[in-house]
Amino acid sequence: MVGVKKAVIKKEVLLSEMKRKKVLSMKELASNTGISQSTLSLIMNGKRSPGSKVIGSMIAYFECSFERLFFYDKPLTKVNDK
């Protein structure tokens, strides 16, 4: 078995950071970070895990640490069929 950690966005912190930067909508956030609206929507709804580009863009835009905006969910367990 192999455990893979999944990054998850802290929604409350993201909304707080958006307020601090005076970003009024997800559309505006998408435009400011270069992340598509559809990708942001999937991440916010828990249907997609943010990749390294999204994480990097968010950290750079909000000028904060990974730990401020994200956390690692329980490892996903992959079973090798050997």
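Descriptive notes on the structure:
- Any pair with Cβ under 7 angstrom, 6 or more apart, that starts in segment 57-82 at a residue that is within 17 Å of R20 (Cα to Cα) and ends at one that is modelled with pLDDT of 95 or more and in a strand (DSSP E or B): L69/I9
- The single condition from (1) touching a residue at least 24 places away in the same chain (Cβ under 8 Å); (2) in a loop (DSSP other than H, G, I, E, B) that L14 fails is (2).
- Subset of segment 20-53 [more than 11 Å from the chain's Cα centre (by Cα), of a type outside the set (D, E, K, R) and exposed (fewer than 15 other Cβ atoms within 10 Å of the Cβ)]: L24, S25, S31, N32, G34, S36, Q37, S38
- Residue list for segment 21-49, restricted to those being in contact (Cβ under 8 Å) with a residue 24 or more places away in the chain and either among the charged types (D, E, K, R) or under 11 Å from L69 (Cα atoms) (or both): K21
The values are calculated or read from the model by the stated rules, or taken from the named source; none is laboratory data. All values reported here derive from a predicted model rather than from experimental measurement. All Cβ positions, glycine included, derive from the backbone under ideal geometry; neighbour counts span all protein chains shown.
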